[in-house]
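*Asks:* First the structure, which I've put down as structure tokens, then a few questions once you've had a look.
Read the figures in this text as sums done on the coordinates, not as results from a lab. Here the structure is a predicted model, which means the values were calculated and not measured. Here the Cβ positions follow ideal geometry from the backbone for every residue, glycine too, while neighbour counts run over all protein chains shown.
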Amino acid sequence: MSTQHFSPGSFLASIPATLGFFPQDSLVLAGFHLSSPQPGQTTATVTSGPIARLSLSDLERIDAISETLDALDSDFFLAFIVRQGNSRALARQVDTHCRAAEIPLGALWSTYEIAAGEQVRLEFVSDTVAAISSWKHHLRGDVIPPLERTSSMRELIARGEELPELDRESFLGQFRRDTEAISEEQSRLWSWALENKVMDLYDSEDKDSAPYALVEEFFAALDQLPAAVTVEEIKEDLAFLELLGSCLADRALRDMAIVAVGNTSSMVLYRALQAAAHVFSGTIRANALSLLALEAAARQWMTVVPAALSCAQEEEQGHTLAQLLFNAYMHGLITDSVTACTEAAEQLCSSVGIHRARCC
């Protein structure tokens with residue numbers, strides 16, 4: 001988009017489709033790339049890049065995510081506060097945190113909610129971010145247009161998808177740990193035990209076969225589950241969860257298990273990964289959520305992908321697979337990632353004598 005055509009209202013209208021939910025009490029940080037004017041033009045072209053969402057009660061995490069944002073090589077960031085009430089003091093806090101984290105924040109707007117007709121107020125424009133120095137007079141207040149006018153929302157509507165109404169927690173509930181079924185301490189101990197079990201297999205006399213036998217057993221057990229099995233029923237099948245958790249406890253085994261992703265005629269793997277996300281902790285849970293995002297992408301459930309990956313990165317900061325997949329999603333390459341990951345998984349399985357064709 002050219003600088004003249006940037007509209008903070010229209011940009012905000014596209015955010016729910018990108019995140020998969022309507023953010024509330026949130027800070028949205030959006031990265032942008034700035035390219036030189038084309039021959040015969042006088043204005044630069046601005047392309048949107050990565051988008052991050054933080055709770056307003058958790059602004060100190062700006063520093064924690066700055067390294068990831070920096071790796072995506074944005075020229076500058078624009079910020080949006082979504083909350084009821086005056087946001088001037090919060091805007092100053094965001095500016096302070098971004099300066100400390102060396103995030104080039106060009107401007108910040110606020111709005112009460114992302115809904116048609118809401119006012120978008122310009123809180124400040126930076127005097128220090130060189131990338132927007134020639135663009136400042138284009139930055140002003142705005143109004144959010146009807147959301148269905150944005151291309152991303154039109155795609156969701158065409159597929160019959162509905163986003164949760166201003167309630168992130170209800171949408172992320174399907175990925176939360178089930179503390180009623182298993183306490184956080186029990187979850188942590190079980191996950192730790194499975195990680196150690198797999199490590200012991202790599203140190204055993206059968207180290208060249210024993211770890212990979214777990215993957216074969218998992219595939220066999222997955223195929224035995226009834227097509228109509230529910231998440232709750234899987235959570236009661238401790239033997240199956242033990243197998244799944246073991247495969248998700250190790251990077252190599254996890255990468256082999258990815259070969260099962262993409263069988264869109266069956267919900268069994270999706271529900272199994274949901275169950276794992278409910279009962280495990282740490283690496284196992286983060287891996288379950290990352291595979292869940294891959295499975296959702298294979299089904300074209302694009303509202304699920306960023307939410308699952310967000311939860312994975314919350315569970316384990318710096319989780320490599322979740323970061324790679326989120327970057328791919330933000331650049332429109334998540335479908336390509338599904339293909340690449342499942343092809344690599346098939347090759348890994350074949351290299352250790354496991355013969356299971358990837359789902360096409």
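*Asks:* Among the residues of the range 174-225, write down those that are without any contact (Cβ under 8 Å) to a residue 40 or more places away in the chain, under 19 Å from Y270 (Cα atoms) and surrounded by fewer than 13 Cβ atoms within 10 Å (Cβ to Cβ).
*Replies:* The answer is A220, D223, Q224.
*Asks:* Still on this structure, please answer the following. Does the range 266-273 include one or more residues that are closer than 21 Å to E195 by Cβ and not hydroxyl-bearing (S, T, Y)?
*Replies:* There is at least one residue in the range 266-273 that is closer than 21 Å to E195 by Cβ and not hydroxyl-bearing (S, T, Y).
*Asks:* List, please: which pairs have Cβ atoms under 9 Å, are six or more places apart or on different chains, and start with a residue in the range 141-152 that is among the basic types (K, R) and end with one that is surrounded by 15 or more Cβ atoms within 10 Å (Cβ to Cβ)?
*Replies:* Correct list of pairs: R149/S10; R149/A13.
*Asks:* Out of everything in the range 338-360 that is touching a Phe, Trp or Tyr at 6+ places or on another chain (Cβ under 8 Å) and of a type outside the set (A, V, I, L, M, F, W, C), what residue ends up being farthest from A297 (Cα to Cα)?
*Replies:* The qualifying residue farthest from A297 (Cα to Cα) is G353.
*Asks:* Among the candidates A296, A328, A345, which residue alone is of a type in the set (G, A, S), farther than 25 Å from E185 by Cα and without any contact (Cβ under 8 Å) to a residue 24 or more places away in the chain?
*Replies:* Checking each option against the conditions leaves just A328.
*Asks:* Residue check, A275 against (1) touching a Lys or Arg at 6+ places or on another chain (Cβ under 9 Å); (2) under 20 Å from T342 (Cβ atoms), all met but one. Which one?
*Replies:* The failed condition is (2).
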